[in-house]
């Protein structure tokens, strides 16, 4: 009997599931990996400031950062895990952009 994978993701503003498809040299077919991700919203603005006697507000831009990603590593070798992790790192930037554009809730 196979146990259900329980991802280890800390509490985040947005939690999503994404899929990566990886070709592993040790396997004949491309492997689909379900990745559980946690994202937090950030803002790069500095808020209210004064410049030469005038008061301004820098509202900045909202964006998300992938704080954690977890997937079921059962049955994968250390080398395969390394390849999958590299693929996840590469894809996570696109996932962050997608969530930022969508304005997903900050639950």
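If one takes the longest principal axis of the Cα atoms in the chain, at what angle in degrees, from 0 to 90 and to the nearest 10, does the Cα axis of helix 78-102 lie?
The two axes meet at around 40 degrees.
Per the Kirkwood treatment, what hydrodynamic radius in Å, one decimal, follows for the stretch 14-102 from the mean inverse distance over all distinct Cα pairs?
Radius from the Kirkwood sum: 15.4 Å.
Ignoring everything except DSSP H segments at least 4 long, calculate the 222 nm mean residue ellipticity for the chain; use -39,500 (n - 2.57) per segment, divide by total residues, nearest 500. Let's see the in-between values first.
Details: 1 runs with 25 residues, N = 107.
Helix-only estimate at 222 nm: -8500 deg cm²/dmol.
Between residue 59 and residue 89, what is the FRET efficiency for a Förster distance of 30 Å, r being their Cβ-Cβ separation, to the nearest 0.05?
0.50
Between residue 15 and residue 101, with labels modelled 7 Å along Cα→Cβ, what's the label distance in nm to one decimal, could you check?
In this crude spin-label approximation the distance works out to 2.6 nm.
What nm value, rounded to one decimal, do you get for the distance between residue 8 and residue 33 when each label is placed 7 Å out toward the C-beta?
1.6 nm
None of the figures in this text is laboratory data; all of them are computed from the coordinates on show. Note that the structure is a prediction, hence the values are computed from the model and not measured. Cβ: placed from backbone, ideal geometry, glycine included. Neighbour counts: every protein chain shown.
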